[in-house]
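A.B. asks: Let me give you the structure first, and then I'll get to my questions.
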Amino acid sequence: MWWAGASAHALQLPGTNGVLGGRAVAEFERWLIPWSYDPPASVQSGALGNAAGTDYSALYATALQIRFGAVFAFFVPGALLLVRRLPPVRGRTTAALLALWAWGLVAGTLAVTVSAPWLIASQGHGSYRFLPQLASAISSGRQILVVTALVAVAGTVLAARVTAKGAGPLPQEDVPARAARLAATAGTVVIALSLVVLSYQSVAAAIQTGFTGSGLFAEPGDLLRQWLLLGAWAGPAGAPLGDWLLYRAADALLLVVVWWSLRKLPGLLTRATVPAMAAGAVCATVLGLLASQLLRVVMDGTGLRWDLMHLSAGLGGGVPAALTFGLFAGVVAAVMLRAAMGRAADADATASVEGHVGA
């Protein structure tokens, strides 16, 4: 991420506009500036004039230091948990790579979140509409995370495979298929609560306007939507039903990815603990979001022309809500899995006893 932010200088070189095009350069700047140590003009001058500019620039630098430190602090523990419970060995490498990629996006989003207050204060008007500014700051810089996280996790998986080479067979829980399906269904229902119920237009509007707050915490609507809504949808409202159903296919794809991932996850984990299931459910939700976002790009007909402006519009979005509901979904799935496995074990024990009695 540091290298990506430092590369923002290259976009100012003569001839860059001619090579990439003005729109592409502007879009790349929007991707990279949130991770660049070069403060924007508003920070350089400061809200109180040039005399305070140095203080605001120092505060901006502090925000970036916190941001990069937080990326490391959030990514490493999650990656260690995933590599321990989902080691990238034969049969699990692809799953581990995808899970770590999704966790990289989560770690980057959390890093942006915790560093945002310093970044907002460096603009010189931190007390003005703080929560809307916080929501805007959290949504910035997410597109470049999609790329850099994939590069980072490729190195992580390679290192983990080298470390695991020569190790003995890994433990693996024997998970009944019925128990895995029940757990996946329960977890998917939690995700559907956000995607289908809370994201419906009228419900989302109530969330936006139903909480007013006061003072520094006024206008929390944008922030609540960001952390609670995985999508946005409404009825056809006069639009062709076929087109409406086509766009709902992206939402259906998200749920399918989540269900399939949660269905396979217990069998892939060395031990299906609650933390591992929670982290896995978060990663599954993020992967479902990415799949649905890419499907929307294809359906809009712009993906093949590489329209950068459109491609990046929604890419990497929804991660805060994926973290919120993914954690709940993972916990619910883990509890359901244990309950179903317990019932299956009791049924097997009862059948075994009856068989001995009958003999």
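Where a number appears in this text, it was derived from the coordinates with a stated rule and is not lab data. As the structure is a computational prediction, the values presented were derived from the model and not from experiment. When we count neighbours, we look across all protein chains shown, and the Cβ atoms used for this are built from the backbone with ideal geometry, even at glycine.
A.B. asks: Can you find a residue in region 196-213 that is surrounded by fewer than 12 Cβ atoms within 10 Å (Cβ to Cβ) and in a loop (DSSP other than H, G, I, E, B)?
C.D. replies: Yes, because at least one residue in region 196-213 is surrounded by fewer than 12 Cβ atoms within 10 Å (Cβ to Cβ) and in a loop (DSSP other than H, G, I, E, B).
A.B. asks: Could you tell me whether region 158-168 includes any residue that is surrounded by fewer than 21 Cβ atoms within 10 Å (Cβ to Cβ) and either of a type in the set (D, E, K, R) or in contact with a helix residue (DSSP H, G or I) (Cβ under 7 Å, 6 or more places away or on another chain) (or both)?
C.D. replies: Yes: one or more hits.
A.B. asks: If Glu173 satisfies every condition in (1) assigned to a helix (DSSP H, G or I); (2) under 30 Å from Leu337 (Cβ atoms); (3) touching a Lys or Arg at 6+ places or on another chain (Cβ under 7 Å) but one, which is the exception?
C.D. replies: Only one criterion is unmet by Glu173, namely (1).
A.B. asks: Identify all residues within region 240-268 that are assigned to a helix (DSSP H, G or I) and either of a type outside the set (A, V, I, L, M, F, W, C) or in contact with a Cys (Cβ under 7 Å, 6 or more places away or on another chain) (or both); write none if there are none.
C.D. replies: Gly242, Asp243, Tyr247, Arg248, Asp251, Ser261, Arg263, Lys264, Pro266, Gly267
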